[in-house]
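The values are calculated or read from the model by the stated rules, or taken from the named source; none is laboratory data. Remember, predicted model here, so these are calculated numbers, not experimental data. Ideal geometry is used to build each Cβ from the backbone, glycine not excepted, and the neighbour counts take in all protein chains shown.
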Amino acid sequence: MNGLNWLQRIHEPAPSRLATLNPTASATSAVRAFIIPLPDMRVQVKAAFIAGPAGAPPAGTTIPYDVTFGGNISVLLWLAVAERQPDTGIYLPTGNLVGTRLAPQAIPLDISLMGYSEDAVAGADALIGEVTIAHSGAGPGTPPITTWWLKTRYQPVSGALFSEAEWTQIVGAATPSVPGAPLVAGSPP
């Protein structure tokens, strides 16, 4: 059983690696699209875009550290709610939550943060969007190689109870998708 008991359930699918960046490597960039299904309106989902050292941080590295490495790396996020088109099943964006497709939001919002997270209650069929990760080339110092991840967590909204069969059905439909290979700049761990 996934969760503490049949009354309180939590589902955390395996995280998706978006990029592994060595700040001393040459310039590169990638756009990673994602789909996070919202299988039931009684379930909330947390979408977290987090960055951290790839493996153990080098000696002397303190957490938190500036994951932009003084602007050497930029991460832009567009996050929207989407509805499925009835005849094709394609997800169609219907409302922006963070940034817009033409003007995505730079994350993290503060130099002392190592990512960004957003909670949503299923008022739509999915969360969709794009993460654009750009690396401008070798930067100052020797900061650690950093990996960006998409982590999700599904849990019932306050007061919602699910039978084991209902929760199993919800978990079966709660599989985020990040197509394509992750961006790798420099020497990955």
Counting only residues that are in a loop (DSSP other than H, G, I, E, B) and touching a residue at least 24 places away in the same chain (Cβ under 8 Å), how many does the stretch 106-134 have? 9
Right, Leu127: surrounded by fewer than 20 Cβ atoms within 10 Å (Cβ to Cβ), farther than 19 Å from Pro53 by Cβ and either of a type in the set (A, V, I, L, M, F, W, C) or touching a Pro at 6+ places or on another chain (Cβ under 6 Å) (or both) or not? no
Boolean, Thr62 is modelled with pLDDT of 80 or more, exposed (fewer than 12 other Cβ atoms within 10 Å of the Cβ) and of a type in the set (S, T, N, Q): yes
Return a yes/no flag: does the stretch 47-55 have any residue that is free of Cβ contacts under 8 Å to residues at least 40 places away in the same chain, over 19 Å from Gln155 (Cβ atoms) and not acidic (Asp, Glu). no
Filtering the stretch 90-121 down to residues that are small (Gly, Ala, Ser) and over 20 Å from Ala33 (Cβ atoms) yields Ser112
So Ile73, is it surrounded by 12 or more Cβ atoms within 10 Å (Cβ to Cβ), among the aliphatic types (A, V, I, L, M), more than 21 Å from Glu118 (Cα to Cα) and at pLDDT below 95: yes
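For every residue, the table says whether it meets (1) charged (D, E, K, R); (2) surrounded by 13 or more Cβ atoms within 10 Å (Cβ to Cβ); (3) modelled with pLDDT of 85 or more.
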{"position": "Pro86", "(1), (2), (3)": "no, no, yes"}
{"position": "Pro93", "(1), (2), (3)": "no, yes, yes"}
{"position": "Leu102", "(1), (2), (3)": "no, no, yes"}
{"position": "Asp119", "(1), (2), (3)": "yes, no, yes"}
{"position": "Thr146", "(1), (2), (3)": "no, yes, no"}
{"position": "Leu150", "(1), (2), (3)": "no, yes, yes"}
{"position": "Tyr154", "(1), (2), (3)": "no, yes, yes"}
{"position": "Pro176", "(1), (2), (3)": "no, yes, yes"}
{"position": "Ala181", "(1), (2), (3)": "no, no, no"}
So, first residue among the basic types (Lys, Arg) in the stretch 70-93, second residue surrounded by fewer than 18 Cβ atoms within 10 Å (Cβ to Cβ), Cβ within less than 8 Å, six or more apart or across chains; the pairs are Arg84/Ile90; Arg84/Leu92
